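The values are calculated or read from the model by the stated rules, or taken from the named source; none is laboratory data. Fair warning: this is a prediction, and the values are worked out from it, not measured in the lab. Backbone-built Cβ (ideal geometry, glycine too); neighbour counts: all protein chains shown.
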Amino acid sequence: MGLGPEADEVVSRENDGKSDGTNGKNEKEKCRTRWRWVKLRLTGCFISRSKVDTSVSGASTLCAENKSTNDASGDQPAVPLVSGSTTTSNAESSVSTPKMGDELKVASQLRKFTFHELKLATRNFRPESLLGEGGFGCVFKGWIEENGTAPVKPGTGLTVAVKTLNHDGLQGHKEWLAEVNFLGELLHPHLVKLVGYCIEEDQRLLVYEFMPRGSLENHLFRRSLPLPWSVRLKIALGAAKGLAFLHEEAERPVIYRDFKTSNILLDADYNAKLSDFGLAKDGPEGDKTHVSTRVMGTYGYAAPEYVMTGHLTSKSDVYSFGVVLLEILTGRRSMDKNRPNGQHNLVEWARPHLGERRRFYRLIDPRLQGHFSVKGAQKAAEVAHRCLSRDPKARPLMSEVVEALKPLLNLKDMASSSYYFQTIQGDHGAATGSNSSSRNGLKKQISFSKNGQQPMRSLSNSTIDSPYNQSPKINAEQP
């Protein structure tokens, strides 16, 4: 961990295109420049004076593996929704120092830390402790007493993630309060545990349990090895249980409002936990059918009726779950401008295939290479189809989603041993090979006519080892 490689990369980009005089700096000056950049960036995270890189997902900064910024294939913005980092408008957020009073409702089990304690726990917020950053601020890895607030030696005691509030960032005090008030009261195996908080003058920090496996987003879109089918279903079921608790089991119903892959964090055994409650809202009470609010969230995940009307219900979360389930099935992002035309929006591309038993195979992540349950994938696609219904009333309750997903974990009918799947794959491969051969033949003819001689032929080894030779170990030790 640390900012070293990232800092070098940024400095390198900044130097591109400069004059020869700049390029002629000696190595010592370059090193000093890099260190000043690192120091400035860290200082900006620490005392909240510099701008935060808003291309980094703010929701996924509690985890161990989240320093890379979102690429061009990430969530695309649609005002007033946001891309990547979740943000709020001035109407719902204030970055000024608030008045203390009845705003902060602290649950009895939360620990109150001093700023000095957290400074020592994170080793003075040093770069090596940095886990990530986003609209809220920077997140550092720290170590504290198992049952207290005192800092301890790294590698001992309780490992935590310490999130700081950046006053110049995109999320402000109200989101900080929402985190404390919601997660302070809500305790569930599939919600990230809030250990405690710190509030001193203008300092606002939150202390969470450390999630060593990082975010679902990282595992789906940033890793070379794909998640095995069984792990994907386990994560989907865990996330569904978290939403079902918020909607139907909590003392007061809660609408999460920002359900997406970067907000689903994974513990050492790949148990999914929902994080980042900055946009969460209390659900409607009494005879009310919805909550009216400004439209906030992430484009590609927000329910269409919520975007159009600002009417927020638990069924808005159900739609978002359908999008994430689709991402889990396909290995594709909800919005990806790098895809061919007609495939930028995952939901719109997948919708025609979801209700067709003989077409749903086209949805499944090809990196799985047939290592998925046929019946399980069919049922999961049906669940996603229901969750993504254009009619909110036709969407299922999250408790119904949980019950539908539970049996799928035990299915063993692998598609790789299915004759029908092999036939489809064979036909698809033959068609692809034929088209490729035709294109290559045309290219060779053109090349021959231009050069007046036969083009040089090259050989390549196209054999690829199956990623399933290296499946993640569910009970692996924390990194």
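Can you list residue pairs whose Cβ atoms sit under 7 Å apart, with the first residue in segment 316-341 being in contact (Cβ under 8 Å) with a residue 40 or more places away in the chain and the second being assigned to a strand (DSSP E or B)? Count only pairs 6 or more apart in sequence or on different chains.
Ser316/Ile255; Asp317/Ile255; Met335/Asn345
Residue-wise test of (1) within 13 Å of the chain's Cα centre (by Cα); (2) at pLDDT 95 or above; (3) more than 25 Å from Glu175 (Cα to Cα); (4) in the same structural domain as Leu177 (by TED's automatic domain parsing).
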| site | (1), (2), (3), (4) |
| --- | --- |
| Gly310 | no, no, no, no |
| Tyr319 | no, yes, no, no |
| Ala350 | no, no, yes, no |
| Arg359 | no, no, yes, no |
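For segment 210-217, does any single residue satisfy the condition of being buried (at least 18 other Cβ atoms within 10 Å of the Cβ), in a helix (DSSP H, G or I) and touching a strand residue (DSSP E or B) at 6+ places or on another chain (Cβ under 6 Å)?
yes
Return yes when Asn271 is at pLDDT 90 or above, within 30 Å of Cys138 (Cα to Cα) and surrounded by fewer than 24 Cβ atoms within 10 Å (Cβ to Cβ) and no when it is not. Even if it seems obvious, please write down each step before you answer.
Numbers: at pLDDT 90 or above: yes; within 30 Å of Cys138 (Cα to Cα): yes; surrounded by fewer than 24 Cβ atoms within 10 Å (Cβ to Cβ): yes.
Judged against the criteria, Asn271 is a match.
Each row is one residue, and each column tells you yes or no for (1) surrounded by 24 or more Cβ atoms within 10 Å (Cβ to Cβ); (2) in a helix (DSSP H, G or I).
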residue	(1), (2)
Val307	no, yes
Ser320	yes, yes
Val324	yes, yes
Arg332	no, no
Lys337	no, no
Glu348	no, yes
Arg351	no, yes
Arg357	no, no
Arg362	no, yes
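Would you point out the residue of segment 209-242, among those that are of a type in the set (Gly, Ala, Ser) and at pLDDT below 95, that is farthest from Leu409 (Cα to Cα)?
Kept after step one, since they are of a type in the set (Gly, Ala, Ser), are these residues of segment 209-242: 214-215, 224, 230, 236, 238-240, 242.
Going one step further and asking which of them are at pLDDT below 95, we end up with 214-215, 224.
Details: Gly214: 22, Ser215: 21, Ser224: 24 Å.
Step by step, filter segment 209-242, then rank; the result is Ser224.
Quickly run through segment 108-124 and pick out the residues that are in a loop (DSSP other than H, G, I, E, B), touching a residue at least 12 places away in the same chain (Cβ under 8 Å) and either more than 15 Å from Cys198 (Cα to Cα) or in contact with a Gly (Cβ under 6 Å, 6 or more places away or on another chain) (or both).
Start the filter on segment 108-124 by keeping residues that are in a loop (DSSP other than H, G, I, E, B), which leaves 108-110, 113-114, 122-124.
Among the residues that remain, those that are also touching a residue at least 12 places away in the same chain (Cβ under 8 Å) are: 109-110, 113-114, 122-123.
Across segment 108-124, the qualifying residues are Leu110, Phe113, Thr122, Arg123.
Please determine whether any residue of segment 214-223 is assigned by TED's automatic domain parsing to the domain that holds Pro407 and free of Cβ contacts under 8 Å to residues at least 40 places away in the same chain.
Yes.
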